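The values are calculated or read from the model by the stated rules, or taken from the named source; none is laboratory data. For clarity, every value in this text was computed on a predicted model and none was experimentally measured. For neighbour counting, all protein chains shown are included, and Cβ atoms are generated from backbone atoms with ideal geometry for every residue, glycine included. For the accessible areas, the whole protein counts, side chains as well, though only heavy atoms, and no ligand, DNA or RNA atoms are used. Shrake-Rupley method; radii C 1.70, N 1.55, O 1.52, S 1.80 Å.
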Amino acid sequence: MMTQPTSKGMSTRTPKGAWQITFLLFLFMVVNFADKIVVGLAGVPIKKDLGLTPEQFGTLGSSFFYLFSISAIVIGFVANRASTRWILLILALIWAVTQFPMVGPVDFTTLMVCRIILGAGEGPAAAVAIHAIYKWFPDEKRTLPTAILSQGSAFGVILTMPALGWVINTYSWHLAFGVLGVVSLLWAVAWFAFGKEGPLASTAAVVADEQRISYWRLLTSRTFIGCVAATFGAYWALSLGLTWFTSFIIEGLGFTQKEANFISILPWVFGAVVVILTGWISQLMLARGFTTRGARGVLGSAPLIVGGCILATLPHVAPGALMIALLVVGSGLCGSIYVVCPAMLGEFTPVSQRGAVIAIYGALYTLSGILAPQVMGNVIQHAGAMMEGYMTGFTINAAIMVGSGLLGLLLLWPNTERARLTGTSQPAGTIKGAMSPT
C-alpha cells in the first residue's frame, strides 16, 4: 500500500455554507455552457437566415474564443488579489449585456462581435469559479466539488437544450439569446444576495508564510505542461460538440431540428456520468493511499486515449444509431481530465499564485476552441461531400485526443512536482499544503 495522502498543517473540516456556494457556482457554470451551446444548437437556422457557408459558420464558432484566453489570463492575475465574489458578479453581467443585441435582426458581423465580447466575459469563468470554490474546501476534499462544478457544463446543455430548442422551433433563434440574457441577470441577483468569499484562503495572510515559486518554473513544470496538453485535446472535442454536433445530426444524418435537439443532449449526459465517477473514484483512490500520479494523472489521461480510439472508428461504420453511440461515448470520455487537472495544479501552486496559474492553464488549453470549429468548417467546405468532410474532421479530433492523452500519461506527476520545484524532500504520496487554505 502506498503512503496515504496527508495535508500538512491543514484542517480537514469543511466550513459551513461551502455546499451552498458550490451549488451557486454550479448554476454559474450551467449558464456559462448554455451561452456556449446556443450557436451550435441554432446552427442550421442561423446559417440559413444569414446565408453562411460552412467556413463562415466555423469562423463564427471560433470567434467566441478570440479574446477568451487573453481575458482569462488578465482576470486570473486579478483574482490573485481581488475578491472572487465581485469578479464573478461582473462576469455574469457581461454575459447578460452581450446577449440582448441578438434579440433583434442582426448581420454576421454583429453576431460575431457579440460572441467575441461574450467570450471575453466567459474566458475567466471556470478558473475564477474553481479558485473561489477552493477557498471553501481543503485539498483532500476538492475533487468532488470540482467534479460537481464541472457538471455545470453538462447540465448547462442537458437542462437548457430542450428549452432553448423549443424557443428556437416555436419562436426564433433570436429569442433564445434573449432568454439567456435574462437568466444571466437572475444568477447575478442570486449571487449578489448569497455569494460569499471563502474563509479558508486569505491570500494576504498566506503570502508572508508560503514559499513563492517563479511563474516561469510553475508554467514550465512537466505537470503544468501535461495538464495543458491533455486538456487541449479534450477541449478540441468539446468545441466541436458545441459548434458542430447538432449540425452534423441534421445535415449529416438527416434528423429534424426537433429530433437533433434531444440527440445532442446524449454526449453531455454520458459526460456527466464520466465526470462524477472520476471525482468519486479519484477521491476514493486517494483515501486508500494511491498517489496523485495514479488517482489524478493516470485516471484523467487514460480515458482520452480510449475516447480517441473510439472516434477513429467513425468513418468505418454506417451512418445511424451506432455512429451516434460511438460519437457520444468517444467524446464523453474526455470529461475526466477537467476534474483532475485543477486539483493537480493545486498540489504545487502557492495560494497567492493559484488564480493566475489556473487561469493561464485554462487560457492555453482553450486555444483549441479557436482551432477546432474553424478546422471542421474548412474541411467540410473543401471536401468532396459533406459527410466526407465531417468524417475527416472527427478523425482529426481522434488523433488529437490520443496524442494529448499520451502526453498526459507521460508528463503528469503532481505528487513529486512541488518537491522538485522547491528542492525540498516530499514523500511520493503526500499532498502538501501548497494550496492549503491556511
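Worth a mention:
- Tabulated pairs, region 400-420, first in contact (Cβ under 8 Å) with a residue 60 or more places away in the chain and within 12 Å of residue 223 (Cβ to Cβ), second of a type in the set (Asp, Glu) and open to solvent by less than 50 Å² (accessible area, probe 1.4 Å), C-beta under 9 angstrom, 6+ apart or interchain: 414/347; 415/347; 417/347; 418/347
- Selection count where residues are more than 16 Å from residue 351 (Cβ to Cβ) and surrounded by 24 or more Cβ atoms within 10 Å (Cβ to Cβ), scope region 122-144: 7
A quick yes/no check of all residues on (1) of a type outside the set (Asp, Glu); (2) surrounded by fewer than 17 Cβ atoms within 10 Å (Cβ to Cβ); (3) over 30 Å from residue 39 (Cα atoms); (4) within 18 Å of the chain's Cα centre (by Cα):
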| position | (1), (2), (3), (4) |
| --- | --- |
| 228 | yes, no, no, yes |
| 232 | yes, no, no, yes |
| 253 | yes, no, no, no |
| 258 | yes, yes, no, no |
| 310 | yes, no, no, no |
| 314 | yes, no, no, no |
| 318 | yes, yes, no, no |
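- All positions within region 359-406 that are of a type in the set (A, V, I, L, M), more than 19 Å from the chain's Cα centre (by Cα) and assigned to a helix (DSSP H, G or I): 375, 376, 379, 380, 386, 387, 391, 396, 399, 406
- Condition met for residue 340 (β-branched (Val, Ile, Thr), modelled with pLDDT of 85 or more and within 24 Å of the chain's Cα centre (by Cα)): yes
- Residues that are free of Cβ contacts under 8 Å to residues at least 60 places away in the same chain, assigned to a helix (DSSP H, G or I) and not small (Gly, Ala, Ser), drawn from region 167-197: 167, 170, 179, 186, 189
- Look at (1) within 21 Å of residue 125 (Cβ to Cβ); (2) at pLDDT 95 or above and you find that residue 229 fails only one, number (1).
- Residue 435 at pLDDT below 90 and surrounded by 19 or more Cβ atoms within 10 Å (Cβ to Cβ): yes
- Comparison of 285, 323 shows that the only residue that is farther than 24 Å from residue 53 by Cβ and open to solvent by 20 Å² or more (accessible area, probe 1.4 Å) is 285.
- For region 260-270, filtering for residues that are closer than 23 Å to residue 127 by Cα and open to solvent by less than 10 Å² (accessible area, probe 1.4 Å) leaves 0.
Okay, residues lined up against (1) over 30 Å from residue 102 (Cβ atoms); (2) open to solvent by less than 10 Å² (accessible area, probe 1.4 Å); (3) hydroxyl-bearing (Ser, Thr, Tyr):
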{"residue": "191", "(1), (2), (3)": "no, yes, no"}
{"residue": "196", "(1), (2), (3)": "yes, no, no"}
{"residue": "222", "(1), (2), (3)": "yes, no, no"}
{"residue": "241", "(1), (2), (3)": "no, no, no"}
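- The lone criterion from (1) over 19 Å from residue 191 (Cβ atoms); (2) out of contact with any Pro (no Cβ under 7 Å at 6 or more places or on another chain) left unmet by residue 138 is number (2).
- The helices (runs of 4 or more DSSP H) falling completely within region 1-94 that include 2 or more residues that are within 30 Å of residue 193 (Cβ to Cβ), modelled with pLDDT under 90 and touching a helix residue (DSSP H, G or I) at 6+ places or on another chain (Cβ under 7 Å) map to 18-41, 68-79.
- All told, residue 356 meets the bar of being open to solvent by less than 20 Å² (accessible area, probe 1.4 Å), part of a helix (DSSP H, G or I), among the aliphatic types (A, V, I, L, M) and in contact with a helix residue (DSSP H, G or I) (Cβ under 8 Å, 6 or more places away or on another chain).
- Subset of region 368-389 [touching a Phe, Trp or Tyr at 6+ places or on another chain (Cβ under 8 Å) and closer than 15 Å to residue 47 by Cβ]: 373, 376, 377, 380
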